[in-house]
Structures are given as structure tokens and as C-alpha cells.
Amino acid sequence: MQEEYLHYLWRMKRLDFSQLILANGSKQPVYVEEVGWYNLDAGPDFFNGTVVVDGLRWSGNIELHIKSSDWYAHQHHLDEAYNNVVLHVVYEHDKEVYVNGAVLPTIELKEVIDKNHYLNYTSVINNVQKVPCYKTVMEHKLALLQQIDVSFLHRIERKGLGLFDEVEKGTRDKIALLFVALFKAVGGRTNGLPMQELVKLLPYTIISKEKWDPIRLEALLFGCAGLLNEECTDFYYLRLKDQWRFLKGKHQLSEMKRNSWKFGGIRPYSFPSFLIAQLSALLLEFDFINLEKLKSDEIVQRILSLKGNYIHPYWETHFVFGKLSSKRKLKFSTLFKINILINGIAPYFVALKHIDGNFSHTDKAIEMLEKLPPETNSITNYWKNIGFTPKNALESQGLLELNNEFCNFKKCLSCKVGVEVLEKKI
């Protein structure tokens, strides 16, 4: 038995409430008028429930456990937040619980739960496939689309709040916010955290002062990143190093450790040195002033039209300093630009919503992702094999969230598809 399953039964009222009786005290019927509001944060499981016990109506919180002794195992008796619990709902009553010196009314569900329903639930969550309901999910296309939309909103909101928390609370500087968004997007999943560290060490005000000279801007980025301490005699590298010595002293800058960056196990195009070269070119070419005043179409077009003309020619034949590679044409790839839009610009607008209190910023983020093609990765390919192909970036982002936050953790009872699959079997 899982506590999550008990939560589901309670909030969905999937119990025969006419059979509920006290497991302690008078053994009288318990009448549940309101199951309460489901709480996903710390504290009791359900807020503001209403129950009638021994003819008295009680309003307060409701707590669920597998065993009533879990009250003490979880140390709720030491937490004042649980002093207003009026009903304890357990699978098995094995110990009396006291709150404020009185026995806590308890009901036991062991004999009330629909055993067939529980067997169906366990058959779904015990499936070893990446998507537990993969065999029947396409029979619930509407629920899947609804869950993808919900999952996307969770994902974009989480990313936006993450950016919002990165900028200084006293100022909530929008340009600083945009820089954090761009740096994180370029860093990606592998080097996103060191990129966050880099943008903290190198304020945009300094970048704005020095970007009149591309070499100065590159020196600032590579120097702060700790990547100008190599044994390299290339002219370009030595020029950057010389500029960095000057700029480091001028602006009293610190630098990261090289081992903060991940080079191993990734493709050369994702090496931090090559990403920083592209980031420098992006900051030179991209006009980020008054971005929020543009329409979603204009923002998408502006990003997709970026060329990468400011990437230094050195990177035609290098991915790291001092090591030659085969020559290639330098430009921003379509994948690079779409990544900027999905993982940089869109979360930036959601963060703006929290700064301005203007929900139209989120609408703009949604509109942008609806206009972009879906991403191609192992997760979207897996879903294509099941039978669902996302039609745009919004749906592919929603699929990623559904996979990572629901399917991977078997949170079928919190998923619209999982609930439909479970209830259809009954």
C-alpha cells in the first residue's frame, strides 16, 4: 500500500463513505462533509475538511497515513502545524494517537478499499516501461493533450521562477534577468550551472562597457570562465590572455576554476570553449533592448535570423584552445537558435510576469513556442514510437515534463492520462 494511493482515494472520493466508522472510541459512523483541499506542501495532507464525529461537526485538517503509528514515526506530535488535525485516515490502525491530550478520531480503510481498483493501480505503476500506460495511452488522446498542456505550464513556470530568483531582489533588473536567461540557455543541461556562475562574476554592465571591441568581450568571457590558463602559443589565445590581464585588474574581476566546466562525454560542439565563443557572438549580434515590446512573431524572427557573423575565425578550426580540428563553416545552427528561444527567451518572459505582474508576458512565451518546431530527442522519439508526435515546441516541452516529472516517478495518480487509464479498467 502507498500513501499516495490513499491520497488519491480520499481526494477523488473513491471510497464508500457510508461505511466509514471510528477505529477507536465509540466505533460510531463518521460522516465526511468535505474532504478538504489537497496540500502538496509541508503540513497536513488536506486542509479545511469537515467531518461529523459522535454527532459533533468538526472543521479542520485531515492527515492520511499507512499506519496510525506513522504519526509518531513522522514526528507530527512535535509539530504545531498538526495540532488542528480533526481526523486521522489510515490504512491500518495500530496505535492510538493523541493531539492536545485527547485521542485523535481515526478511521481505518483496510476493509473499505476496492481491492480490484487497487490491483489495477499496482499493475499500472509496476510496469517497467518508461511510460507505464504506453499500451493504452493513445486511447486517451484528449487527456494526453490536456496533461501535456498542464505539464508545459509547470515546466515554463518553474524555469521562469528559477530565473526570477537569480536576479537581485532589490532591483529585479530586466537586462540582468535576460543575461542570466541567455547564459543558462547556451550552457544547456551539461554546463548550465557554470554558466550561471559566470554571469554572476561578469555583470552585464561591464559587458556593455567593453563590447565595443569583440576581442575585449571574448577576453572577459573566457577569462572569467577560467579558460585562459592553458599552455597555448596561438596568437589569438595570447591576445585574449593579454586583454584579460588588463580587464581583470580594471574591473576587479574574479575567475572560475577550469574544472567547473564539463568537457568529457559530450560532443565537441557542446564544449564550453566553443559555447562561450558563440555566446560572445550572440551578445554582439543580438539587440536585446526593448525586447519585451516586440510581438512574439517579431522575437522569433529576430532570433532565427541571427547569423553568427561575430564568431571569431579561430573557431573554424578549433573547439578548444591549442588543438586543431577539421575546418567548418561558422554560423549559428538552427538548433542553437531554437534552444535560445525555448530555454532562454521563453523563460525570460515568464520571469518578467513575476516582475511586472503582467500575465501577457506568459502568453507571449506560449505563442513563441507554438510557432517553433518540436524538439527531437530520445524522449520525443520514444513517444513517436508509441504513436504521439508533438506538433510544436510547446508540446515537446510538455512531453519532456510529463516524462521527467510524472512517468519517471510513476505519478500516475496525478496525471490525467493515468487516472483515465486506471478508472477505465474498473
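Of N120, P194, A176, which is farthest on the positive side of the dipole of the range 109-235, counting Cα position, with +1 on Lys and Arg Cβ, -1 on Asp and Glu Cβ, and the Cα centre as origin?
Going by the charge dipole, the pick is N120.
Calculate the spin-label point distance for T205 paired with V320, positioning each point 7 Å from the Cα along the beta-carbon direction, and give it in nanometres.
About 3.6 nm, to one decimal.
Filter the trypsin sites (Lys or Arg not before Pro) in the range 96-130 to those in DSSP coil with at most 12 other Cβ atoms within 10 Å of their Cβ, and list the result.
Passing sites in the range 96-130 are K110.
Got a number for carbon plus sulfur as a percent of the chain's accessible area, 1.4 Å probe?
So the carbon and sulfur contribution to the accessible surface is 51 percent.
Taking only the alpha-carbon atoms of the range 21-149, what semi-axes of the equivalent ellipsoid follow from 5 times the gyration tensor eigenvalues under a square root, in whole Å, largest first?
33, 17, 16
Run through the range 162-212 and list the GluC sites (Glu not before Pro) located in a DSSP loop whose Cβ has at most 15 other Cβ atoms within 10 Å.
Of the GluC sites (Glu not before Pro), the ones in loops of the range 162-212 whose Cβ has at most 15 other Cβ atoms within 10 Å are E168.
Build a GNM of the chain with springs between Cα atoms under 10 Å: which of S360, S305, S18 gets the top mean-square fluctuation?
S18
Given q = 0.10, 0.11, 0.14 Å⁻¹, what are the Debye log10 I(q)/I(0) values for the chain, with equal point scatterers placed on the Cα positions and solvent ignored?
-0.84, -0.93, -1.18
Can you run phi through the Karplus equation (6.51, -1.76, 1.60; θ = phi - 60°) for the range 287-303 and list ³J(HN,Hα) in whole Hz, with x for Gly and Pro?
Result, ordered by residue: 8, 9, 5, 6, 4, 5, 7, 7, 6, 4, 4, 5, 5, 4, 5, 5, 6 Hz.
On alpha carbon coordinates alone, what is the Rg over Rh value for the range 194-317, Rh being the Kirkwood radius?
Answer for the range 194-317: 0.98.
Looking at the range 101-229 from every direction and averaging, what is the projected area of its Cα convex hull in nm²?
The number I arrive at for the range 101-229 is 17.5 nm².
Would you mind getting me the FRET efficiency between N116 and S360? Use the beta-carbon distance for r and R0 = 60 Å, nearest 0.05.
That gives a FRET efficiency of 0.80.
Nearest 10 degrees, 0 to 90: what angle lies between the long axis of helix 115-125 and the longest principal axis of the chain (Cα atoms)?
With rounding to tens, the tilt is 10 degrees.
Quick one: which residues, 5+ away or cross-chain, put their amide H under 5 Å from the amide H of N61? H built at 1.01 Å from N.
Amide H to amide H, under 5 Å and 5 or more residues apart or across chains, N61 pairs with N48, G49, V85, V86.
If you average 1/r over every pair of different alpha-carbon atoms in the range 1-94 and take one over that average, what Kirkwood value in Å do you get?
Evaluated on the range 1-94, it is 13.5 Å.
Could you give me the ³J(HN,Hα) list for the range 62-71, computed from phi with Karplus coefficients 6.51, -1.76, 1.60 and θ = phi - 60°, whole Hz, x at Gly and Pro?
Result, ordered by residue: 10, 10, 10, 9, 5, 10, 5, 5, 4, 3 Hz.
Over the chain, with the other protein chains present, what is the accessible area per residue in square angstrom, probe 1.4 angstrom?
Solvent-accessible surface per residue comes out at 49 Å².
Gain in length, Q146 to N339, computed as 0.36 nm per residue apart minus the alpha-carbon separation, to one decimal in nm?
Between Q146 and N339, full extension yields an extra 67.0 nm.
Anything over 24 Å Cα to Cα? Flag those among K13/K384; K115/K424; K257/K353; K262/K364, in the order listed.
From the list (K13/K384; K115/K424; K257/K353; K262/K364), the Cα-Cα distance tops 24 Å for K13/K384; K257/K353; K262/K364.
Per 0.36 nm of contour for each residue apart, how much would the distance between K262 and N39 grow if the chain were fully extended, relative to their Cα-Cα spacing?
76.4 nm
Identify all aspartates and glutamates with a Cα-Cα distance to K329 below 18 Å; exclude those on the same chain that are fewer than 8 residues away in sequence.
Within reach: E285, E316.
The values are calculated or read from the model by the stated rules, or taken from the named source; none is laboratory data. None of these values were measured; they are calculated from a predicted model. Note that each Cβ is placed from the backbone with ideal geometry, even for glycine, and that neighbours are counted across all protein chains shown. Ligands, DNA and RNA are stripped out before the accessible areas are found, and what is left, the full protein with its side chains, is counted by its heavy atoms. Shrake-Rupley method; radii C 1.70, N 1.55, O 1.52, S 1.80 Å.
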